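**Student:** Quick one: the structure is below, and I'll ask about it shortly.
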Amino acid sequence: MRDSRPVSGPPSPTEYGPLPDFCSLPMMFALLVIATLAATTMWLASDNRRDWSSYSISILFVTWLALMIGLVLCALRSLLQRLPRQMPYVGAWLVIMPIVAGASVVAHEFNDALQLQLEQSDLGIFVRDNVAIAALLGAVMLRYFYVLTQWQARLAAVTRAQVEALQARIRPHFLFNSMNTVAALIRVDPDAAERTVEDLSELFRAALGQHITGDGTLGDELALVERYLAIEQLRLGERLRVQRELDDLPADFPLPRLLLQPLVENAVRHGIQPLREGGDVTLRGRRDGNGVRIEIGNPLPVTPPEAGNGHGLDSVRQRVAYRYGPLAKIQAGPQGNRFVVLLQLPGPRQ
């Protein structure tokens, strides 16, 4: 029976809106870095006598200002996201200006009240200069966020297109071989034939289902891999031997659907099928912090692999990069007389 539960997939940029999460630590850090660089540049370019006390006060001021801007944009983000098209960026830019102006007035009055003499210009010029600098830096920063969002949207579209291609890619030879296996088993082993049909049904459901773009779980994916291996076991017999070391893997780990099955299929197709004597496919996995480490290995073929062997691996690489980001790693290549694919996937943020 088909599982009708909703599945949450990797968020696309449009699901969260164009503006970044100003509440996140990386974004706060970026704002602090930008403000510090701006203050340092102005201090170095100043005609006045440069001393460490004025530089320290300037850094303190821009740090306070950056934190204030980040907190205000964080609080107003959900409201700004409701604006149409590129207006959220314009709205965020307009929010920054009065914050900078108000903070500049407070800082100038504070400087006069304590007679620090860190700023010699009058109030109007001081506020004007700070607002102008904030306008330029804010425009550049928000433009960067816009370009980044567009790039993420294009990457998401490419990823969806690859998943849709994977949905439509049921290799004819695998289908025909499986149906021939079913036909041969109907008379001699009806129970095995029925199990094979059920396994095929689950594979087709996973490959063609509308919910494939969402996350499943590692347990679901391993169950799908076992169904695929069961079909190939009937066809290849003793030529296909599978070694499993997967007990330490968390079954509820979020995983894009049809991520492991194509890698296992490549291992059987390119590592076992060409060998008359067959060989061992190894499936190993363990926890790696709050993530997982999965290894899939197969014998190296005697002859060079046919063209197109790396397409499935490239697709997995791009899907993993989109879903997990730069912390995920995929390594693939010969190790001795075997070909090994290693996946290191980070866990969800705590």
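**Student:** Please report the accessible area of residue 74 (heavy atoms, 1.4 Å probe, ligands and nucleic acids excluded) in Å², nearest 10.
**Tutor:** 40
**Student:** Note down the accessible area of residue 61, probe 1.4 Å, to the nearest 10 Å².
**Tutor:** Residue 61 exposes around 40 Å² with every protein chain in place.
**Student:** Could you tell me the accessible area of residue 24 in Å² (1.4 Å probe, neighbours in place), rounded to the nearest ten?
**Tutor:** 30
**Student:** Here's something else I'd like to know. Considering amide H positions built from the backbone, and no H for Pro or chain starts, which residues 5 or more places from residue 288, or on another chain, come under 5 Å of its amide H?
**Tutor:** So residue 288 has HN proximity to 293.
**Student:** Now a separate question. Between residue 277 and residue 230, how many nm apart are label points set 7 Å from Cα along the C-beta direction?
**Tutor:** 3.1
**Student:** Same structure again: Check which residues have an amide H placed less than 5 Å from residue 215's amide H, if you skip close sequence neighbours.
**Tutor:** 8, 9
The values are calculated or read from the model by the stated rules, or taken from the named source; none is laboratory data. None of the values given here were measured: they were computed from a predicted structure. Positions of Cβ are generated from backbone atoms using ideal geometry, with glycine treated the same way; all protein chains shown enter the neighbour counts. Side chains included, ligands, DNA and RNA excluded: accessible areas come from the protein's heavy atoms. Shrake-Rupley method; radii C 1.70, N 1.55, O 1.52, S 1.80 Å.
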